[in-house]
Structures are given as C-alpha cells and as structure tokens.
1. Just a yes or no: is a residue in region 48-64 at pLDDT below 95 and loosely packed, with under 14 Cβ neighbours inside 10 Å?
2. In region 131-146, which residues are farther than 16 Å from residue 105 by Cβ and in contact (Cβ under 8 Å) with a residue 12 or more places away in the chain?
3. I'm told residue 167 meets every condition in (1) at pLDDT below 95; (2) near the ligand (Cβ under 9 Å from one of its atoms); (3) closer than 19 Å to residue 39 by Cα except one. Can you identify the failing condition by its number?
4. Could you list, ordered by first residue, the pairs with Cβ atoms under 7 Å in which the first is in region 79-92 and on the phi < 0 side of the Ramachandran plot and the second is surrounded by fewer than 20 Cβ atoms within 10 Å (Cβ to Cβ) and part of a strand (DSSP E or B), at least 6 apart or interchain?
5. In this structure, does residue 118 turn out to be surrounded by 19 or more Cβ atoms within 10 Å (Cβ to Cβ), under 15 Å from the mean Cα position of the chain (by Cα), assigned to a strand (DSSP E or B) and more than 8 Å from the ligand (Cβ to nearest atom)?
6. Looking at region 26-38, is at least one residue over 25 Å from residue 125 (Cα atoms) and in contact with a helix residue (DSSP H, G or I) (Cβ under 8 Å, 6 or more places away or on another chain)?
7. Consider residue 98 carefully, then state whether it is in contact (Cβ under 8 Å) with a residue 60 or more places away in the chain and near the ligand (Cβ under 7 Å from one of its atoms).
8. Quick one: is residue 128 near the ligand (Cβ under 7 Å from one of its atoms), buried (at least 16 other Cβ atoms within 10 Å of the Cβ), modelled with pLDDT of 95 or more and assigned to a helix (DSSP H, G or I)?
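The values are calculated or read from the model by the stated rules, or taken from the named source; none is laboratory data. Everything numeric in this text was worked out from a predicted model, so none of it was measured. Glycine gets a Cβ as well: all are built from the backbone with ideal geometry, and neighbour counts include every protein chain shown.
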Ligand SMILES: CC(C)(COP(=O)(O)OP(=O)(O)OC[C@H]1O[C@@H](n2cnc3c(N)ncnc32)[C@H](O)[C@@H]1OP(=O)(O)O)[C@@H](O)C(=O)NCCC(=O)NCCS
C-alpha cells in the first residue's frame, strides 16, 4: 500500500527563521530525532522503537527540517481505520513558531479527509493538550497510571474531523 498521496515535500514555511520544510522521515534522520527526543521526554523512545514505526508501510512519519538540520518530527501509525498519533516533538529552542502545527497539518493532508485520530498524552502536558484541542481533539477518558516513570495518568483524546488552524 502506498503510504499516502503526499509528495516528498509536504509543506514549507518561509516566515519561520530559518525556513522550515516538512518531508517524510527517513532512517538516516534517526540520530537527529533521538537527540530531540531525549531532550523532550522524561522516558524517551529508543532507536528500536523509531525503527519499528518507520518500518510500518501504512504509517505516516514526518520530519521538519531547516538548512541547519532536523527541528521536529511526528510519528503516526494506522490501526484498522484509526490513526494513532504516537509521537511529536520539536527542538526546544524552535518551539512556539508553529512547527508542530505544520507537522500536524502535514499528517492531516497525508491521511486524507475521512481519517479519524486518537492519542494519549500526559495529563500534565498542558502545551500539547492545548495544541491538540486547537485541532479539535477532545478528551475521551483516561488510562490510569499509564506512565511508569511517575505513575501519571494518560488523557485519551479523539479527533473525527480536523479543525483548520491558521498557522
Ligand atoms: C508540544 C510541542 C510538540 C508543541 O510544538 P510547537 O512547535 O511549539 O507547537 P506550535 O508552535 O505549533 O504551537 C501550537 C499551539 O499549541 C499551543 N502551545 C504550544 N506550546 C505551548 C506552551 N508552551 N504553552 C501554551 N500553549 C502552547 C498553543 O496553542 C500554540 O499556538 P500559539 O503559539 O498560536 O498560541 C512541543 O512543545 C514539544 O516538543 N514538547 C515536548 C514533547 C511533547 O510533549 N510532545 C507531545 C507528546 S503527547
């Protein structure tokens, strides 16, 4: 199965300095991905977890890059007819410039108009929850003590029709 109808470059945004390009994530990106991952999460994914996700033919894995290199990534897996947003992170000093929004928009464009999405997010992760709400994700329950490092609950969120976010 073809991964999606998107071209290699999903989007560019020239008003961000330096300009940002959204494209497919590749195995050769993974060292840079791991660097951002380890500075973004208390329990970062391993290299093997990223390799597994990239190996899934139906997944959508996107990179945000500048001429200086990788600045963000998004990993989404398809299970039956639902897309599971597995991971999204942005280089710490490039946050609040719309890069995660660009990655999310790239996902929505790639998955098509009828796609449904779900995700889990730490209940303390206000910035991510705020962003997901802006796209129309809504809370749909909790997984108790889902995160083993601190026993924190996961908030389950669902999205049936992405909202257009001016970014
Ligand atoms: C969550 C994350 C990916 C957002 O990336 P980003 O590129 O900064 O996001 P954007 O600039 O596209 O922001 C989109 C919107 O999300 C919300 N948002 C993002 N960061 C926020 C913050 N620190 N405080 C409040 N709202 C925030 C805002 O509504 C923002 O829109 P605005 O800037 O117009 O107000 C980034 O903070 C990150 O990498 N965090 C660590 C990893 C993580 O927690 N990933 C999510 C796992 S579920």
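1. yes
2. Those that are farther than 16 Å from residue 105 by Cβ and in contact (Cβ under 8 Å) with a residue 12 or more places away in the chain: 138, 139, 140, 141, 142, 143, 146.
3. (3)
4. Close Cβ pairs satisfying both conditions: 81/116; 82/116; 82/118; 83/116; 84/77; 84/118; 86/77.
5. no
6. Within region 26-38, one or more residues are over 25 Å from residue 125 (Cα atoms) and in contact with a helix residue (DSSP H, G or I) (Cβ under 8 Å, 6 or more places away or on another chain).
7. On the way: in contact (Cβ under 8 Å) with a residue 60 or more places away in the chain: yes; near the ligand (Cβ under 7 Å from one of its atoms): yes.
For residue 98, the condition - in contact (Cβ under 8 Å) with a residue 60 or more places away in the chain and near the ligand (Cβ under 7 Å from one of its atoms) - is met.
8. On the way: near the ligand (Cβ under 7 Å from one of its atoms): yes; buried (at least 16 other Cβ atoms within 10 Å of the Cβ): yes; modelled with pLDDT of 95 or more: yes; assigned to a helix (DSSP H, G or I): yes.
Yes.
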